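This report refers to the structure that appears directly beneath it.
The values are calculated or read from the model by the stated rules, or taken from the named source; none is laboratory data. Note that this is a predicted model, so its numbers are computed, not measured. Because the Cβ atoms are built from the backbone with ideal geometry, glycine has one as well, and the counts that use them run over all protein chains shown.
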Amino acid sequence: MSSNVYDILQERGYIEQCTHEKELRDLLGSKSVTFYIGFDATADSLTAGHFLTIMAMMHMQRAGHRPIALLGGGTTMIGDPSGKSDMRTLMTLETIQHNADCFKKQLSKFINFDNDKAILANNADWLLDLNYVEFLREIGIHFSVNKMLTAECYRQRMERGLTFFEFNYMLMQSYDFWKLNKLYDCVLQMGGNDQWSNILGGVELIRRKEQKEAYGLTLKLLTTSDGVKMGKTMKGAVWLDPNKTSPYEFYQYWRNIEDVKVEECLALLTFLPMDEVRRLGALKDAEINYAKEVLAYEITKIVHGEEEAIKAQEASRALFGGGAISEDMPTSSYPASRFDEGIDLITLMCDAGLASSRSDARRIIQQGGVTVNNVKVTDFAKVFTANDLDSDGALLVRKGKKAYHRFIISKE
């Protein structure tokens, strides 16, 4: 093994916390290690938040280690209370299975599952048919309720109310690690830093129950400078599914991030050498926009492929450079009859996802933040018809400097 992946992850800023750091680093530098990361199937697509953990898996696999992507077909039935102020909405088995199938397809784009180089598992295989009494006798005896209640994921819920239903989650996730250790000799669990308490539970379970070595490592959570999780827009989450977040919108999200986050995201979300990451991250003022272009292009290339990344970059440059409008920008169409009736600006804003509500749209328009075909419009009651379309047959609605949406007449 050419280089120790622990050092790579550390230099690039992935590692937040780790159990038995020296032992784990020595292990990762001396032999191929089987590790796992869990993905609860709470939606039908992975998000930008998941992408950081996927990148960590890719680094690990490139260094010769074997990933297990564990789909949470069983744990999703409960819902992880970590970072949540309320209990998750319960989902049906059919929905969870559909979501898990979508995850499987997406993960296969990033992780090589051929010839046992990685494993795709689903904890529904062992959790859904558990005998509860046997589970308590075998697993429950190793957990102190007093200690569990000091864990951050539970402590922050105590005032609002924590159900016994959710209280089981740590035991289930710990059981997952123990089960994967038995099935595949998995010795390392990785996950977001909000999973620290759950990961510790699994590490301690294996060490107590089996008297074997087991390790846990948590990864940085992507946040804005205000501490809010990155990967959220006015429309909601930034998805890896191109049908939910188009490659253009995906590119634009990273093209528009805060200046102070550029170097961090280049290190965590691209494979660029660290010398280049530091060079780009040191650019100032107008030059930082070049670094943002590189960042957006590199991430979009990994997620959507080089062709889509090039198209998204060209579309973005056309807009920012005042050039021709690209076919790849977000576009909606209305039948000709709608344009005959006339469509008010507030409706256009809401349909484009440029405002969270009609009152939000009204406020943005009145404050002078909206242009239509490069003309500022402050009258929120303004109605547009086919006569207002530009020479390309489009209405280009822009909010602020960076959010665009194009409307055209649908082809009947």
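When you scan the range 221-243, do you find a residue that is assigned to a strand (DSSP E or B), among the aliphatic types (A, V, I, L, M) and either within 29 Å of residue 406 (Cα to Cα) or outside the structural domain of residue 311 (by TED's automatic domain parsing) (or both), even just one? Yes, the range 221-243 contains at least one residue that is assigned to a strand (DSSP E or B), among the aliphatic types (A, V, I, L, M) and either within 29 Å of residue 406 (Cα to Cα) or outside the structural domain of residue 311 (by TED's automatic domain parsing) (or both). Consider residue 200 carefully, then state whether it is at pLDDT 95 or above, assigned by TED's automatic domain parsing to the domain that holds residue 121 and not in a strand (DSSP E or B). No: the conditions fail for residue 200. Restricting attention to the range 367-378 and to residues that are over 24 Å from residue 335 (Cα atoms) and in contact (Cβ under 8 Å) with a residue 12 or more places away in the chain, the residue that is surrounded by the fewest Cβ atoms within 10 Å (Cβ to Cβ) turns out to be 378.
Please verify whether the range 247-258 includes one or more residues that are farther than 19 Å from residue 398 by Cβ and touching a His at 6+ places or on another chain (Cβ under 6 Å). Yes, the range 247-258 has at least one match. For the range 247-283, filtered to residues that are among the small types (Gly, Ala, Ser) and either without any contact (Cβ under 8 Å) to a residue 40 or more places away in the chain or within 13 Å of residue 301 (Cα to Cα) (or both), the residue that is surrounded by the fewest Cβ atoms within 10 Å (Cβ to Cβ) is 282. Of the residues 182, 220, 232, 212, which is at pLDDT 90 or above, surrounded by fewer than 22 Cβ atoms within 10 Å (Cβ to Cβ), in contact with a helix residue (DSSP H, G or I) (Cβ under 9 Å, 6 or more places away or on another chain) and under 21 Å from residue 263 (Cα atoms)? Within the list 182, 220, 232, 212, the selection yields 220.
For the range 53-73, filtering for residues that are farther than 22 Å from residue 169 by Cβ, in contact with a helix residue (DSSP H, G or I) (Cβ under 9 Å, 6 or more places away or on another chain) and either in a helix (DSSP H, G or I) or of a type outside the set (Lys, Arg) (or both) leaves 12.
Of all the criteria given as (1) at pLDDT below 80; (2) assigned to a helix (DSSP H, G or I); (3) aliphatic (A, V, I, L, M), the one not satisfied by residue 312 is (1).
Restricted to the range 316-402, the set of helices (runs of 4 or more DSSP H) holding at least 2 residues that are under 30 Å from residue 294 (Cβ atoms) and at pLDDT 85 or above is empty. Looking only at the range 1-28, residues that are buried (at least 16 other Cβ atoms within 10 Å of the Cβ), part of a loop (DSSP other than H, G, I, E, B) and hydroxyl-bearing (Ser, Thr, Tyr) come to 2 in all. Residues in the range 336-361 that are under 18 Å from residue 373 (Cβ atoms) and among the hydroxyl-bearing types (Ser, Thr, Tyr): 1 in all. Does the range 281-290 contain at least one residue that is part of a helix (DSSP H, G or I) and within 16 Å of the chain's Cα centre (by Cα)? No, there is no match, as no residue in the range 281-290 is part of a helix (DSSP H, G or I) and within 16 Å of the chain's Cα centre (by Cα).
In this structure, is residue 56 crowded, with 21+ Cβ neighbours inside 10 Å, in contact with a strand residue (DSSP E or B) (Cβ under 9 Å, 6 or more places away or on another chain) and modelled with pLDDT under 95? No; evaluated as a whole, the condition is false for this residue. Among residues of the range 20-37 that are farther than 23 Å from residue 71 by Cβ and touching a residue at least 60 places away in the same chain (Cβ under 8 Å), those with a beta-carbon under 7 Å from a residue that is hydrophobic (A, V, I, L, M, F, W, C) and in a loop (DSSP other than H, G, I, E, B) at least six positions away or on a different chain give the pairs 27/33.
If you go through the range 98-124 and keep only what is at pLDDT 90 or above, part of a helix (DSSP H, G or I) and surrounded by 14 or more Cβ atoms within 10 Å (Cβ to Cβ), you end up with 106, 107. Do we find that residue 396 is of a type in the set (A, V, I, L, M) and buried (at least 19 other Cβ atoms within 10 Å of the Cβ) in this structure? So residue 396 fits the description; yes.
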